[in-house]
């Protein structure tokens, strides 16, 4: 089984130096791209691979790149932004790549920037990822010294400057357009679309924003071809995916597996199954803003298409497991509190709706629920639907709640009716 | 035009609008908060949701924000859709989760947009049962009261303050539902337009702190259309009164002049009307006398011959004219010192005889390239700053247009534009508060500013007069500016008289004229010092030195001074000469150094207590109307003077009959209003008619507003709001007695709540209130198209337009280069929005923000004088008396030039610029000794 993204990542210690990285074939794809390929050829390769964004939305990367205006009269400069502001609860995949393979990310970034003909690239890293920041900083200095970054990338006529920026540390900084505002030194409120970033992005110029895991693929696709990439997946969707599992499983962790691996395999084989005495009641397949699935969905392939059919989303591919001894009310109360806290405060439904729901959920959890609370929550989940709010934060926050209210209805009802939690304090 | 379908009914709407604006224009009631017609849409509040359908067959539809959706051809929407209604009610419910239920004690109550929108959506019962988030509010200075707990986070305040007004000290802080709109620390808001927050805020977060001190419920206020008297722009206002006290000023929308906004001096400078220093009763020789006795006394003096009148640029055309009519044109003096008069006359000459049209504020905002010469307009004409901040976006907007971003989509436009600014060139001696948007800033002495202007004109048209000895790099810069202006579609040249330099104004005119000659329709915006400076220039008359000469020569024995504190205007010698006349009669509203010297003082009405016409800096005649009946024997000056003339006329006729024409008194005016009965002499419209007869160039004044005979459906326009509580409630705090309504024979307005309840012509709009719309957002309903001109057109009338291209030659002489003098300073006037203007400074808040008199020094000159910031220095100007002032080091000020704050205390009458000498005499406590 191939693990292109993580094969050279070490379990402990410092990541490969430039020399070590080059010894394993590093920067060969870059030389190939800038030396032998035109930008449209690179774009075509990525488009052909069918690579879909690993940040959560799953938008086809090649298609997105195609929106960048090229040719005479285009707006300059153009920017590439790598989104490493990984703050989705339960998700820690980008961290692995940032800490373990900084040169891999840098190489891919240069190739992607070349593909969209960008002059400047930014790598935007979550505030808490200090180790990643330090390692990336060192790697970037090495790459610059080696002539991979700068006026003449790998001796070609292509010039690229890469900056890396550590986020101020809010969930909204990871939202595509909130990130752009944050980079510009503004409040990370989302921007209205259209115009979309490929046309009007950073500093008002064409900009592509891609997730770290998505970006990491670029050098492999260029180096080994789109067909190879497509062949890595189990189903229709190509590549491998960094899947995570957390909750009361035996071995919480992160694994690079073929795209379309089932949840059952991830939870039962790689994570070692549930801890003794705990059993699975449900799981969030892709981070905190995806719908709950239950045991009946364990055999669903963890890819974009299959999970959508199952009524949820692949999201970040970070499975969060809910077990039979943890109260689902407390579980979603925590999640909703997180989203209420991370609302940027720009639009009314999110800013004022989420805190109300969070407090209602907390009240229910703590035995202060009232008749009508569940109806109110259901009403609000519809109220915070996509399109009603300014960005996707609140609708995302509604996904676990909506599904929990449906799947674990009895728990909510008993909380309200009995005024207590039948599980005792969560997790005890 | 685009055809849109609302509830399946087709409507025609203008192209390029958003649905919200289109629906409001069509008369639909759709709630909104974050959108504002002057600031466009950002989609934050989600209040204006409607249902959009794909086509006729689509019954499901989807919720869209009407402010963010183009009203494009064929679009089908429903406002009434149950889901859309529920959504809008839901948004209000959420906003209300934290909004306090303090309407009964909130100053916004009764004119609160949030109240209106809450009622409109039907949300009534509170389901949220948890505690509300609370904030600590801030002290934002003397004008704006802050109550953050009421905030619904619509973001309008920061968008106005930062984007429209250019302020930096109000911002959004914090996160999620704790977002906080305020300053980093307590302290007065620094922007001159901060008071607009009061009207921009849809609820009671920002309220009028001056109003709070003498609060009245908005529906209990008596209001009338008015015009601001605190600078030359002539912003339209609605003052509100209750119980004989003026309580506040609000904006009256004017499409060409002030739009939706006012500056802080205009909004908060009104309190002089309530001043303890008001003259309330007539007095003769320090003794209060009945009005009739005072009138008889003055008539006797005037009848004695050798009488001159001194007018005023802060009095109305009508009052000035009444004086001119009383004393005769040849004995009428403008009330301006020689230099000020010459400058005002120069501006009038340029605007009337030159080819460049005077720009309105709206036209200024539409300019696509701006040259600003010699003046920090943020201090002399503050609202102009907002227009110029908009003008620098005119060219960059093209970037958004090319990207198919609609203008209404404010956030997207700003993202596309980023920091892109159109051409804006500033040349002044010291830093201005517009430097942040300038393409290039030139820091030069006034003479050099004028030379730069002359050189630019020369760069535009080769036949414009040359500038000798201009350094090559400056010549090159002038050439580049000339090219930029020439390539613009609507260039604008801004200058003003505050700097006291005729050459700067001439340079501005030359640039605009050269552009016109080159086929570019350039406009000129020249700022004058006072509300009727241009009116005074139109009326003409000699200057104060000439008046002094008339007294010295014995030609004048009686001097009638109209609303003019001479001691602020001219040097001691001139003023002393005038006030040493045997008889001095002063009409004024406020006790001042001139009233103190008068034999007769007549209590003049302020703008709020009488009617009148002012001519703004673009030549627009605008009418202000009496708001309330003042306490005491206060009357409009025009009325006092009319009564005096009437008295005199009766006496003269009697005299004529008695002596059968044997003796003709030389100074007794021959003109008369030709009135038959005394009561008619007091009619305002008659004064206007007589003025227009005497001075045909003022013909437009008649059209400035409908006359006293104007009625709608036979009814007058009420000054009071229609209420259920009845008219006795208004004076209810004093008495429950039914009072008779004071008659108003002078105007089409009534001192009553009875009258025409519909929308009158803009010049007669006394309030903005329509059913369901009790806040100023009701302005929508008073406009032809939301955001556009008022129904029936804008108020006021331009008295003249620019001349054709033909005759007017360029001003031919550029000044010589500025040469510093060793040991001397070229002292110029620095205008301050708070402090430089005579009347507004009587408002406590304005006084609080006024600077202490100071001497502004460049770092180089300060070093040469050994003066540090705050040190005491002694300044002598042209060998005059010594003035002790604090030194203020001005980092950007040109070396060799010093600044003195204009209009402050003993410095007010100083004629600047002038050469002065300064010595450092002491240290402050904290200074390095």
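Run the numbers on chain A and let me know its relative contact order in percent, using alpha-carbon pairs under 8 Å that are six or more apart.
In percent, rounded to a whole number, it is 15.
Give the order of B:597, A:151, A:414, B:183 when sorted by the count of other beta carbons within 10 angstrom, beginning with the fewest.
Values: B:597 18, A:151 10, A:414 15, B:183 21.
Starting with the residue having the fewest Cβ neighbours, the order is A:151, A:414, B:597, B:183.
Could you line up B:105, B:575, B:688 from fewest to most neighbouring Cβ atoms inside 10 Å? Kindly include the intermediate steps, with their values, before the conclusion.
Values: B:105 8, B:575 22, B:688 26.
If I rank by nearby Cβ atoms, fewest first, I get B:105, B:575, B:688.
I want to make sure I understand the PRE zone here: with the label point 7 angstrom from the Cα of residue B:245 toward its beta carbon, which residues in segment B:194-212 have backbone N atoms less than 14 Å away?
Label zone hits: B:209-212.
Quick one: Debye curve from the alpha-carbon atoms of chain A only, equal weights, vacuum; give me log10 I(q)/I(0) at q = 0.06, 0.09 Å⁻¹ to two decimals.
-0.25, -0.56
By the gyration tensor of its Cα atoms, with a ≥ b ≥ c the square roots of the eigenvalues, what is the shape of segment A:117-205: rounded for a/c under 1.5, prolate for a/b over b/c, or oblate? Display every interim value, and only then the final one.
On the way: a/c = 3.65, a/b = 1.35, b/c = 2.70.
Taking the square roots of the gyration eigenvalues as a ≥ b ≥ c, segment A:117-205 is oblate.
Which of A:366, A:410, A:142 ends up with the largest GNM mean-square fluctuation for chain A, with Cα atoms connected below 10 Å?
Of A:366, A:410, A:142, the most mobile in the Gaussian network model is A:410.
Once you average over the residues of B:170-177, how many Cβ atoms of partner chains fall within 10 Å of each Cβ?
Taking the mean over all residues of the peptide, I get 6.
Grab the Cα-Cα distance for residue B:173 and residue B:277, subtract it from 0.36 nm times how many residues apart they are, and report the gain in nm with one decimal.
33.1 nm is the gain from fully extending residue B:173 to residue B:277.
Between residue B:807 and residue B:863, what is the FRET efficiency for a Förster distance of 56 Å, r being their Cβ-Cβ separation, to the nearest 0.05?
On the way: r = 51 Å, r/R0 = 0.91.
It comes to 0.65.
How big is the gap, in Å, between the Cα center of segment A:161-177 and the Cα center of segment B:612-654?
When both Cα centres are located, 66 Å separates them.
Just the Kirkwood number for the protein assembly as shown, please: inverse of mean 1/r across all distinct Cα pairs, in Å, one decimal.
The answer is 35.2 Å.
Counting DSSP beta bridges with both partners in segment A:240-323, what percentage is antiparallel, nearest 5? Numbers along the way, then the final one.
Values: 13 of 17 bridges.
If I count the DSSP bridges inside segment A:240-323, around 75 percent turn out antiparallel.
At 7 Å along Cα-to-Cβ for each site, give me the label-to-label distance between residue B:710 and residue B:847 in nm.
Placing both labels 7 Å along Cα→Cβ, they lie 3.7 nm apart.
Once you have the Cα-Cα distance between residue B:439 and residue B:190, take 0.36 nm times their residue separation minus that, and quote the gain in nm to one decimal.
So the chain would gain 87.3 nm between residue B:439 and residue B:190.
Most mobile of A:331, A:124, A:339 per a Gaussian network model of chain A (Cα springs, under 10 Å)?
Of A:331, A:124, A:339, the most mobile in the Gaussian network model is A:331.
I'd like the FRET efficiency for residue B:139 and residue B:56, computed as 1/(1 + (r/R0)^6) with the beta carbon distance as r and R0 of 60 Å, rounded to 0.05.
0.55
For segment A:328-418, what relative contact order do you get, as a whole percent, if you take Cα pairs closer than 8 Å and at least 6 residues apart?
Details: 103 pairs, mean separation 33.3, N = 91.
Averaging sequence separation for qualifying contacts and normalising by length gives 37 percent for segment A:328-418.
When the distances between all Cα atoms of segment B:737-794 are binned every 10 Å from zero, what whole-number percent does each bin get?
Per 10 Å bin, starting at zero, the Cα-Cα P(r) for segment B:737-794 comes out as 21, 45, 26, 8, 1 percent.
Residue B:703 label point, 7 Å along Cα→Cβ, cut-off 12 Å on backbone N: hits in segment B:583-622?
Counting only backbone N, you get B:621.
Could you check the simple spin-label distance between residue B:286 and residue A:375, using points 7 Å along Cα→Cβ, in nm with one decimal?
It works out to 8.3 nm between the two label points.
Using only the alpha-carbon atoms, how far is helix A:393-407 inclined from the longest principal axis of chain A? Give it as 0 to 90 degrees, nearest 10.
Once rounded, one gets 40 degrees.
What is the extension gain from residue B:420 to residue B:102, computed as 0.36 nm multiplied by their sequence separation minus the C-alpha to C-alpha distance, in nm to one decimal?
Length gained between residue B:420 and residue B:102: 110.1 nm.
Label residue B:573 and residue A:146 with points 7 Å out from Cα along Cα→Cβ: what is the distance between them in nm?
My value for the distance between the label points is 8.6 nm.
With a 10 Å Cβ neighbour count serving as the proxy for reagent exposure, in which order, fewest first, do B:256, B:643, A:2 appear? Mind showing how you got there, number by number?
Details: B:256 19, B:643 23, A:2 14.
So the ranking, lowest neighbour count to highest, is A:2, B:256, B:643.
Compute the acute angle (0 to 90°) between the alpha-carbon long axis of helix A:102-115 and the principal axis of greatest extent of the alpha-carbon atoms of chain A; round to the nearest 10°.
Orientation of helix A:102-115: about 70 degrees from the principal axis.
In a GNM of chain A with a 10 Å cut-off on Cα contacts, which of A:311, A:367, A:73 has the highest mean-square fluctuation?
A:73
So what's the angle, to the nearest 10 degrees on a 0 to 90 scale, between helix A:130-145 and the longest Cα principal axis of chain A?
Result, in degrees: 10.
Please report the projected area of segment A:328-418's Cα convex hull averaged over all directions, in nm².
Taking the Cα atoms of segment A:328-418, their convex hull projects to 4.8 nm² on average.
More than 29 angstrom separation, counting every C-alpha pair in segment A:18-231; what % is that?
In whole percent, the long-distance tail amounts to 17.
Mean separation of Cα pairs under 8 Å and 6+ residues apart, divided by the residue count of segment B:1-97: what relative contact order is that in percent? Don't skip to the end; give the middle numbers.
Values: 171 pairs, mean separation 32.7, N = 97.
Here the relative contact order equals 34 percent.
Based on a Kirkwood Rh over C-alpha pairs, give the Stokes-Einstein translational diffusion coefficient of segment B:296-362 at 37 °C and viscosity 0.692 mPa s in µm²/s.
234 µm²/s
Bear in mind these aren't lab numbers, they're just calculated from the coordinates by the rules spelled out. What you see is a predicted model, and the numbers here were worked out from it, not measured in a lab. We place every Cβ from the backbone using ideal geometry, glycine too, and count neighbours over all the protein chains shown.
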